[in-house]
Ligand SMILES: *Cc1c(COP(=O)(O)O)cnc(C)c1O
């Protein structure tokens, strides 16, 4: 989006505020779909946890996307947005058998990631088809926070436990209709991803009635200059070829599934915040903005570097700033960052604010969660209002003291 459009939104609706560009979401969706144009049966399941506003879900519904969900509440949001249950995949980890049964009863595809639940679920409901989440123990990316396929990860059933899975399937007579992996949040190296896929194909051979293979996600998008981006087209070329060959070998048509969150919505999002104070200390110039990690926690939680632009004065002389929040703790968004000269009252725009930004926000410091805008067909649509004082008190019960 243009800075001018963003500035106008901040003026009209106030800041802090999240803005999402529907066209960018669509182009990312189509880009991934086109990368796999050789595959007839394919589905993209948008990972709801990245950005779960119902209007965003409805946008994905319009694309004919499916959903990837990790809680029964996300499933319910998907159903509320109009998705049919068979377009929803449920991939929880560490949740109760009871929740899994409730989701299964809704007709949603269950994906199980541990032997204990697999055995209990299979014994009780042998007729309900189940997908299994395999951990291929492949490290994609270098950061153990976001690489979930490695040996110490809590996610998935270890590839080394395949014999145990076979025994459970045989003993319960359950139907495994899909096989899944989600190795982490960064496919930096396509070869590493293809290697993990080979392990998945190898495992898939042992199950006779598969309908689909789900390759999870891990697509990387650029955050700052020089960042490597997953070469989706190259991945599409290589994996499609391998997938088609596997289908032949397997002797049955299969659906190829991916379930990206970040790839689809990260770059479509902007977070706009107003500068409250410019504070010069002996060593640093701080720009204190009217928000904090209650609204955007990724820089503090993951060290992610969101690009920041001064959209009020984009052409000003560039200076170095530390951009900090208003929370009474250290909440540094950026240190020593070159930004066009900042004046109090200016609006700063954070890029890559679509994925894991609003959805991770909180009311810490008793602040309101911000509003959200969907920029659709050249129009700013308010899709969430800023919270009010009533929201802070909601669910609290005042007792007489
Ligand atoms: C979070 C998650 C995703 C999406 O990951 P991104 O890095 O946002 O693409 C996909 N699958 C599962 C099971 C997840 O938990």
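The values are calculated or read from the model by the stated rules, or taken from the named source; none is laboratory data. Predicted model only: the values in this text are computed from it and were never measured. Cβ: placed from backbone, ideal geometry, glycine included. Neighbour counts: every protein chain shown.
Here are some notes:
- Residue satisfying all of: in segment 245-265; more than 22 Å from the chain's Cα centre (by Cα) and surrounded by 15 or more Cβ atoms within 10 Å (Cβ to Cβ); nearest to the ligand (Cβ to nearest atom) among these: 254
- Filter pass, residue 358 being within 16 Å of the ligand (Cβ to nearest atom) and under 27 Å from residue 218 (Cβ atoms): yes
- Only a single item in (1) in a helix (DSSP H, G or I); (2) free of Cβ contacts under 8 Å to residues at least 40 places away in the same chain; (3) out of contact with any helix residue (DSSP H, G or I) (no Cβ under 6 Å at 6 or more places or on another chain); (4) within 16 Å of the ligand (Cβ to nearest atom) is not met by residue 74, and it is number (3).
- Checking each residue in segment 161-200 for being within 20 Å of residue 245 (Cα to Cα), more than 16 Å from the ligand (Cβ to nearest atom) and at pLDDT 95 or above picks out only 177.
- Hey, residue 93 at pLDDT below 95 and either within 28 Å of residue 174 (Cα to Cα) or not in a helix (DSSP H, G or I) (or both) or not: yes
- Test: residue in segment 350-357 that is touching a strand residue (DSSP E or B) at 6+ places or on another chain (Cβ under 6 Å), more than 23 Å from residue 260 (Cα to Cα) and part of a strand (DSSP E or B): no
- Within segment 79-90, the only residue that satisfies the criterion of being assigned to a helix (DSSP H, G or I), over 13 Å from residue 259 (Cβ atoms) and within 19 Å of the chain's Cα centre (by Cα) is 79.
- Out of 352, 381, one residue alone is closer than 30 Å to residue 63 by Cβ, surrounded by 15 or more Cβ atoms within 10 Å (Cβ to Cβ) and either over 24 Å from the mean Cα position of the chain (by Cα) or in contact (Cβ under 8 Å) with a residue 12 or more places away in the chain (or both). It is 352.
- Pairs with Cβ under 9 Å, 6+ apart, first in segment 96-115 and on the phi > 0 side of the Ramachandran plot, second outside any helix (DSSP H, G or I) and buried (at least 22 other Cβ atoms within 10 Å of the Cβ): 107/88
- Screening the candidates 158, 203 for the property of being modelled with pLDDT of 95 or more and away from the ligand (no atom under 16 Å from the Cβ) yields one hit, 203.
- The set of residues in segment 80-98 being more than 16 Å from the ligand (Cβ to nearest atom) and surrounded by fewer than 19 Cβ atoms within 10 Å (Cβ to Cβ) consists of 80, 82, 84, 85, 86, 96, 97, 98.
- Count of segment 24-40 residues which are over 20 Å from the mean Cα position of the chain (by Cα) and more than 16 Å from residue 256 (Cβ to Cβ): 0
- From 229, 234, residue being within 23 Å of residue 138 (Cα to Cα) and part of a helix (DSSP H, G or I): 234
- Taking the conditions (1) within 16 Å of the ligand (Cβ to nearest atom); (2) buried (at least 18 other Cβ atoms within 10 Å of the Cβ) in turn, residue 228 satisfies each one other than (2).
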